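Report on the structure given below.
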Amino acid sequence: MMLSFNTDGTVDRNGDPVVILRSDNLAWAKWRDTGGVTVIENPSAFYNNGSWYLFYSGNAWAENYYATGIAYCGSKIDDGLCAPMPGPNRAWFSYSGPAVRLPDDMRKYGLPGNKRGPGAMDVYRARDGKPWVTWNYLADQSSGRNSRTGRLVITGSGADADFKVQLP
């Protein structure tokens, strides 16, 4: 929904909520998740070359299956449903093995370092105008989560854009 930011630091609604992405048809977001509800969370909206994209997390956050999806939203993010890229059956970024993971056909790419359960990806532009991302992943020897930062490399545009991450 549209928001109004007040000078005293408070926020007010400035319109009605609009559904821009539904979780019920995202096969990767519910794979082996026995919770009964397909959860997507941690949205990060990103504008690039005339198009809006929505980065989001899905599946059970404490599992290797937790992954990051990207949806194409067009020129306006409040215009209705965004379309999952590369479709509803594949996460964009996920862990790629060797431990239990999403099947290969449910993932487009892994991330640098190939850490388990990558999610909570946030996209931003650095001072030089280039896009970067931060994301969390499952720590190797504990139940906690750690974070990484990388450069977001974008080729193409619109619904045909491709996104990859490189470490600095």
Computed lengthening from Lys164 to Tyr124, 0.36 nm per intervening residue step minus Cα-Cα distance: 13.0 nm
Where trypsin sites (Lys or Arg not before Pro) fall in DSSP loop in the range 58-116, at most 10 other Cβ within 10 Å: Lys76
Share, in percent, of DSSP beta bridges within the range 59-150 that are antiparallel, nearest 5: 90
Calculated FRET value between Ala83 and Thr34, using beta carbons and R₀ = 30 Å, to 0.05: 0.60
Neighbourhood net charge (12 Å Cβ-Cβ; Lys/Arg +1, Asp/Glu -1) for Val133: +4
Sequence ranges 125-132, 1-8, 18-25, ranked by mean other-Cβ count within 10 angstrom, highest first: 18-25, 125-132, 1-8
Computed over the chain, Kirkwood Rh from alpha-carbon pairs, angstrom: 16.6
Cα lying deepest toward the dipole's positive end in the chain, options Pro43, Asn14, Asn64, charges on Cβ: Asn64
Estimated dipole of the range 18-166 in Debye, rounded to 20 [Cβ of Lys and Arg +1, of Asp and Glu -1, Cα centre]: 380
Over the chain, relative contact order from alpha-carbon pairs under 8 Å, at least 6 apart, %: 17
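Bear in mind these aren't lab numbers, they're just calculated from the coordinates by the rules spelled out. All values reported here derive from a predicted model rather than from experimental measurement. Counting neighbours? That spans all protein chains shown, and the Cβs are built from the backbone with ideal geometry, glycine included.
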